[in-house]
2 protein chains.
Amino acid sequence: MAFQLHPRLAKGCHALGKLGICRVLLKDNALFPWFILVPETEDDITEFHHLSEEDASDVMRSVRRISHFIDDHYRPDKINIGMLGNQVPQLHVHVIGRFESDPAWPAGVWSCAEKQPYAAARVAQVSRLIQPWLDVTDNPDDAGGLEF
Amino acid sequence: MAFQLHPRLAKGCHALGKLGICRVLLKDNALFPWFILVPETEDDITEFHHLSEEDASDVMRSVRRISHFIDDHYRPDKINIGMLGNQVPQLHVHVIGRFESDPAWPAGVWSCAEKQPYAAARVAQVSRLIQPWLDVTDNPDDAGGLEF
């Protein structure tokens, strides 16, 4: 069965593009620079250790690349990486820039009830900034777009 | 400078052994099967993307191995993996078996105030169970022990 993004991820995030086997999403919460990588595996994989070794390496290479992007563009105090999936079973990786001044610090963002949806112009700006770090697609607005 | 385990990790965990470049710890909270991997890098590395590619692969290979151990021995509903470091800067990876019946579900364990220290006999039992999954050392009680 072809890959389908979990409806909760589709609803709560903005699609930014592709990187390796992952779809790259921006969580719709402007309080944190919060990116989510979703490996487009055809199987219904929920756990990192159920990925093939090759796919797991691909995912972690992308996690490192997105971490570098966050460092370069946001200069956070810390980067948090998490694979939880207690609420959305589809395997996905959170990569989040954290600041000592952010509303969840020093706790994990997952326990933070505060939320601030992005303005459309800011999403477009983040999307523009991150494109050089992602794979080239024919349409950056379409995270499932064809790759050249 | 030689590797030194952060005092908060040393104080809050039981040493189980070594796996690749990581020290393997059991978090002293019997409410969750909660393991922590600490790469013994000589530098003061705080971020996953600052590890060399080789060291990062080694760490994630161990994360997958510990996840298999947790699956086999605890049969959890989900495994949570996290690298936060907002409170303890030394790079470390949480690998935690989660149950729908556990006191933090479905939130991350990091926001859970509940804690139950292990009985010594239970730590010895977990240590015995996990040894076949770890590197052989001359003394399993000494996480920094010499490797053959």
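Quick one: is A:Pro76 away from chain B (no Cβ under 13 Å), modelled with pLDDT of 95 or more and either surrounded by 18 or more Cβ atoms within 10 Å (Cβ to Cβ) or farther than 16 Å from B:Gly85 by Cα (or both)?
no
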Restricting to the stretch A:79-95, name every residue that is more than 7 Å from every other protein chain (Cβ to nearest Cβ) and more than 19 Å from A:Gly20 (Cβ to Cβ). A:Val88, A:Pro89
Among the residues of the stretch A:21-66, how many are modelled with pLDDT of 95 or more and more than 14 Å from chain B (Cβ to nearest Cβ)? 15
Sort out which residues of the stretch B:100-123 are under 29 Å from B:Thr46 (Cβ atoms), open to solvent by 50 Å² or more (accessible area, probe 1.4 Å) and not in a loop (DSSP other than H, G, I, E, B), and write them in order of number. B:Trp110, B:Ser111
Restricting the stretch B:1-56 to residues that are of a type in the set (Val, Ile, Thr) and within 13 Å of the chain's Cα centre (by Cα), which is surrounded by the most Cβ atoms within 10 Å (Cβ to Cβ)? B:Val24
Take the conditions at the interface with another protein chain (Cβ under 8 Å from one of its Cβ atoms), under 29 Å from B:Val59 (Cα atoms) and either at pLDDT 95 or above or part of a helix (DSSP H, G or I) (or both) and apply them to A:Gln131. Does it pass? no
Does any residue in the stretch B:5-24 that is in contact (Cβ under 8 Å) with a residue 24 or more places away in the chain and part of a loop (DSSP other than H, G, I, E, B) come within less than 6 Å, Cβ to Cβ, of a residue that is open to solvent by less than 40 Å² (accessible area, probe 1.4 Å) and of a type outside the set (A, V, I, L, M) six or more places away or on a different chain, and which pairs are these? B:His6/B:Gln90; B:Gly20/B:Asp58; B:Gly20/B:Ser62; B:Ile21/B:Pro39; B:Ile21/B:Asp58
Candidates A:Gly97, A:Gly82 - the one that is outside any loop (DSSP other than H, G, I, E, B), in contact with a Pro (Cβ under 7 Å, 6 or more places away or on another chain) and under 24 Å from B:Pro106 (Cα atoms): A:Gly97
Apart from one, (1) over 30 Å from B:Arg75 (Cα atoms); (2) touching a Ser or Thr at 6+ places or on another chain (Cβ under 7 Å) all hold for A:Gly85; the odd one out is (1)
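The values are calculated or read from the model by the stated rules, or taken from the named source; none is laboratory data. Everything numeric in this text was worked out from a predicted model, so none of it was measured. Cβ: placed from backbone, ideal geometry, glycine included. Neighbour counts: every protein chain shown. Heavy atoms of the whole protein, side chains included, go into the accessibility calculation; ligands, DNA and RNA do not. Shrake-Rupley method; radii C 1.70, N 1.55, O 1.52, S 1.80 Å.
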